[in-house]
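The structure appears below as structure tokens.
The values are calculated or read from the model by the stated rules, or taken from the named source; none is laboratory data. Worth saying up front: this structure is predicted, and the values here are computed from it rather than measured. SASA here: full protein model, heavy atoms, side chains in, ligands and nucleic acids out. Shrake-Rupley method; radii C 1.70, N 1.55, O 1.52, S 1.80 Å.
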Amino acid sequence: MKSNRFNWRKLIAVTISVGLAGAFPAKAETLLCVEDVAGGLKFVDGQWQGVKFKTGATQYAVTATASNPLTYQVKKIGNDYVQFTCNRFKFDNGTLSDQIFCGGLGYGMVINFAKLRYVEVYSIGYIDDDRSGLNTPSITGGKCSTISP
């Protein structure tokens with residue numbers, strides 16, 4: 001005859017797993033984002049000027065991590081390293097935030113899941129008055145598509 005102790009453990013384990021399942025979204029979205037427009041500041045002929053940049057049609061994969069579907073990683077297509085780690089918020093009513101914010105001071109990305117758009121910002125160079133031409137502040141915008149991994 002089996003012990004009731006085992007059944008209680010099983011019941012507790014099932015209860016915990018069901019409770020945790022409700023803490024995360026059932027389906028995390030995966031996005032493919034493609035650079036569309038870019039501009040910024042460039043040091044030219046002894047002064048900073050606003051310029052339009054050529055876009056290289058850079059592409060990003062935005063995927064939820066396996067350990068936490070509310071934590072996303074942004075990788076540039078063709079690179080193995082994670083460029084940004086971002087957190088998506090879940091509101092008290094169970095809905096997910098439309099936007100995630102990635103990066104930190106000087107460099108980051110905002111991705112909107114509802115509008116399928118992103119903005120990437122690089123702000124180093126102008127503030128420091130770096131006249132080397134290597135740090136060119138920029139803002140890049142692009143569009144995203146939801147994909148199935």
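Computed with every protein chain present, the accessible area of ASP36 is close to 80 Å² [probe 1.4 Å].
Of all the Cα-Cα pairs you can form in the range 58-149, what percent are over 23 Å apart? Let's see the in-between values first.
Details: 1220 of 4186 pairs.
Value for the range 58-149 (Cα pairs over 23 Å): 29 percent.
These residues, VAL62, VAL51, go from largest to smallest accessible area, 1.4 Å probe, as VAL51, VAL62.
Protein-only accessible surface at a 1.4 angstrom probe places the residues ASP92, ASP45 in the order ASP92, ASP45, largest first.
Ordering SER123, SER97, SER67 by how much accessible area each has at a 1.4 Å probe, largest first, what is the list?
Numbers: SER123 50, SER97 10, SER67 105 Å².
Highest to lowest solvent-accessible surface, that is SER67, SER123, SER97.
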